[in-house]
1. Being touching a residue at least 40 places away in the same chain (Cβ under 8 Å) and under 19 Å from the mean Cα position of the chain (by Cα) is the filter here; which residues of region 12-57 pass it?
2. Would you mind telling me which numbered condition in (1) assigned by TED's automatic domain parsing to the domain that holds residue 131; (2) over 30 Å from residue 123 (Cα atoms) residue 86 fails?
3. Looking at region 2-11, is at least one residue touching a residue at least 24 places away in the same chain (Cβ under 8 Å), over 27 Å from residue 117 (Cβ atoms) and in a loop (DSSP other than H, G, I, E, B)?
4. If I go through region 12-34 residue by residue, how many of them are assigned to a loop (DSSP other than H, G, I, E, B) and more than 30 Å from residue 83 (Cα to Cα)?
5. Does residue 82 qualify as being assigned to a helix (DSSP H, G or I) and within 26 Å of residue 25 (Cα to Cα)?
6. Look at region 95-108 and say how many of its residues are surrounded by 15 or more Cβ atoms within 10 Å (Cβ to Cβ) and either part of a helix (DSSP H, G or I) or on the phi > 0 side of the Ramachandran plot (or both).
7. Of the conditions (1) at pLDDT 85 or above; (2) within 30 Å of residue 5 (Cβ to Cβ); (3) out of contact with any strand residue (DSSP E or B) (no Cβ under 8 Å at 6 or more places or on another chain); (4) not in a helix (DSSP H, G or I), residue 111 fails just one. Which one is it?
């Protein structure tokens, strides 16, 4: 048995001692009391980094590191389907092409592609000029000026 605290819930534990949370996609809720999670086994913690900063060697010695290559067009399509459903794939093809062009010139993150596809899919009747403006805003290079 073990336990660990969730700082945000520990801070409000005096006002809200019991909180129902949904820790997974299956919809099951669990109770967190006094901001502390009690468990039979400690969780696996996954941290991601896009290489923007160096981690201290002592931290890295305690980690299992995995390098993932940038997704190719087929993988990007699979990511769109996994996150947004097959119906969003139709709106994604021109955005994937534009994303790949821009990614080769600078720093773009896959979540920017997902945001663009989501917004275009939701705005199904938008005209081409609106679509171009949306893509321009959402697929803005991360390392450039805002």
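The values are calculated or read from the model by the stated rules, or taken from the named source; none is laboratory data. Just so we're clear, the structure is a prediction, and the values are computed from it rather than from any experiment. Methodologically, a virtual Cβ is constructed for each residue, glycine included, from the backbone with ideal geometry; neighbour enumeration extends over all protein chains shown.
1. 50 - this is the single residue of region 12-57 that is touching a residue at least 40 places away in the same chain (Cβ under 8 Å) and under 19 Å from the mean Cα position of the chain (by Cα).
2. In the conditions (1) assigned by TED's automatic domain parsing to the domain that holds residue 131; (2) over 30 Å from residue 123 (Cα atoms), residue 86 misses (2) alone.
3. The answer is yes; a qualifying residue exists.
4. Residues in region 12-34 being assigned to a loop (DSSP other than H, G, I, E, B) and more than 30 Å from residue 83 (Cα to Cα): 7 in total.
5. Here the answer is yes, as residue 82 does meet what is asked.
6. Of the residues in that region, 7 qualify.
7. (4)
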